[in-house]
Amino acid sequence: MAKKCLNIVESAYRAVMEEQDDTILWLLAAMQGAGGAHTVVLRGNAVNYAIAGQGAPGLSVGEWKQTQAPKMDRDVADLIGNRQIPVFAVEEDLAERGIDGNELVPGIKLVSRRALPALFAEYEIVSHW
């Protein structure tokens, strides 16, 4: 039986220009598909991943143009819907960035900073990315 793993994603937009996906979200989807038991907490700048309808079309750096722009909201929705991975967002981090709950991908669960220790206690492994 797979151990229950809680994955805290705090650093946002690593490698998304070249890879089109957040490396950790992609890895968690793959591990869940291989029988893992994962949950995700978006905190810090990574709460931006939870905003529905976002995109980065037309991004270019010098002569280079991004032809496959990242769609982080689609990736988060895939974790929740297709992969059955619970995804939480820290309420205070959303509020600090002016993000309203109505803007979020459906299925995102909110958690307060004060409730995080109790959430951590439910898991055998806690990883911070």
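Once amide H atoms are placed 1.01 Å from N in the peptide plane, what residues at a sequence separation of 5 or more from Asn7, or on another chain, have their amide H within under 5 Å of its amide H?
Thr39, Val40, Val41, Ser127
Just read off the accessible area of Val126 with the full protein assembly in place, 1.4 Å probe, to the nearest 10 Å².
70
Please list the three semi-axes, largest first and in whole Å, of the ellipsoid equivalent to the chain, using sqrt of 5 times the eigenvalues of its alpha carbon gyration tensor.
Each semi-axis is √(5λ); the values are 25, 18, 12 Å.
Relative contact order of the chain: what whole-number percent is it, with Cα pairs under 8 angstrom and at least 6 residues apart?
34
What accessible surface, in Å², does a 1.4 Å probe find on His128, ignoring ligands, DNA and RNA and rounding to the nearest 10?
Answer for His128: close to 120 Å² accessible.
Show me, for the range 116-129, the HN-Hα J-couplings you get by feeding each phi into the Karplus relation (A = 6.51, B = -1.76, C = 1.60, θ = phi - 60°), rounded to Hz, glycine and proline as x.
4, x, 5, 5, 4, 5, 7, 10, 7, 10, 10, 10, 10, 10
For n ≥ 4 DSSP H runs only, could you compute -39500 (n - 2.57) per run for the chain, divide by its residues and tell me the 222 nm figure to the nearest 500?
Counting only the DSSP helices, I get -7000 deg cm²/dmol.
Once you've got the GNM for the chain with C-alpha springs shorter than 10 Å, pick whichever of Ser11, Ser60, Ser112 has the biggest mean-square fluctuation.
Among Ser11, Ser60, Ser112, the largest GNM mean-square fluctuation belongs to Ser60.
In the chain, once you exclude exposed GluC sites (Glu not before Pro) (DSSP loop, at most 14 other Cβ within 10 angstrom), what's the longest stretch remaining?
No qualifying site falls inside 1-62, the longest such stretch.
Report the Rg/Rh value for the range 84-129, based on alpha-carbon coordinates and the Kirkwood definition of Rh.
Ratio value, two decimals: 0.99.
Enumerate the calculated ³J(HN,Hα) couplings along the range 88-98 in order (Karplus 6.51 cos²θ - 1.76 cosθ + 1.60, θ = phi - 60°), each rounded to whole Hz, writing x wherever the residue is Gly or Pro.
For the range 88-98, the Karplus-derived couplings read 10, 10, 6, 4, 5, 5, 4, 4, 4, 9, x Hz, x marking Gly and Pro.
The values are calculated or read from the model by the stated rules, or taken from the named source; none is laboratory data. Please read these numbers as outputs of a predicted model, since none were measured by experiment. Glycine also receives a Cβ, built like all others from the backbone with ideal geometry; neighbour counts cover every protein chain displayed. The protein model used for the area step is the full one, side chains on, heavy atoms only, and it has no ligands, DNA or RNA in it. Shrake-Rupley method; radii C 1.70, N 1.55, O 1.52, S 1.80 Å.
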